[in-house]
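This report concerns only the one structure given below.
Coordinate-derived values only; no laboratory data. Please read all numbers here as calculations on a predicted model, not as lab measurements. Cβ placement follows ideal geometry from the backbone for every residue including glycine, while neighbour counts extend to all protein chains displayed.
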Amino acid sequence: MLLLKPNCECCDRDLPPDSTEARICSFECTFCADCVEGILLNVCPNCGGGFVPRPIRPARDHRGGNFLGAYPASTERVTRGVHAASHAGFAADIKTVPPQRR
């Protein structure tokens, strides 16, 4: 079950469960689209993987109790404070490799 973290780990922007701006890597590191594109260059600073849009959990129960009310989003904020210049060095070689080949 995805945690649906409530914020961007870089800029601390709020990312509510229904946000279309949330991006995650395969480890669920969570960042906003602006940070992924402008600072992170589609390279996770924690694992080196790429990002995809975070799925949105249904707000209503359409079937079998699988909805946000039964499985709420996390309220624990995680902030790692990515240093842009340092990350640029880390991402320099990785960003040219497609995420599926990293």
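For the stretch 73-101, a residue qualifies if it is part of a helix (DSSP H, G or I) and either touching a residue at least 60 places away in the same chain (Cβ under 8 Å) or not small (Gly, Ala, Ser) (or both), and the qualifying residues are His87, Phe90, Asp93, Ile94, Pro99, Gln100, Arg101.
The single condition from (1) in a loop (DSSP other than H, G, I, E, B); (2) surrounded by fewer than 17 Cβ atoms within 10 Å (Cβ to Cβ); (3) not hydroxyl-bearing (Ser, Thr, Tyr) that Pro17 fails is (2).
Annotation: of all residues in the stretch 21-40 being part of a loop (DSSP other than H, G, I, E, B) and touching a strand residue (DSSP E or B) at 6+ places or on another chain (Cβ under 7 Å), the one that is surrounded by the most Cβ atoms within 10 Å (Cβ to Cβ) is Leu40. Do we have any residue at all in the stretch 58-66 that's without any contact (Cβ under 8 Å) to a residue 12 or more places away in the chain, of a type in the set (D, E, K, R), out of contact with any Lys or Arg (no Cβ under 8 Å at 6 or more places or on another chain) and in a strand (DSSP E or B)? Looking through the stretch 58-66, none of the residues is without any contact (Cβ under 8 Å) to a residue 12 or more places away in the chain, of a type in the set (D, E, K, R), out of contact with any Lys or Arg (no Cβ under 8 Å at 6 or more places or on another chain) and in a strand (DSSP E or B). Filtering the stretch 41-55 to residues that are surrounded by 15 or more Cβ atoms within 10 Å (Cβ to Cβ), touching a residue at least 24 places away in the same chain (Cβ under 8 Å) and hydrophobic (A, V, I, L, M, F, W, C) leaves Leu41, Val43, Phe51.
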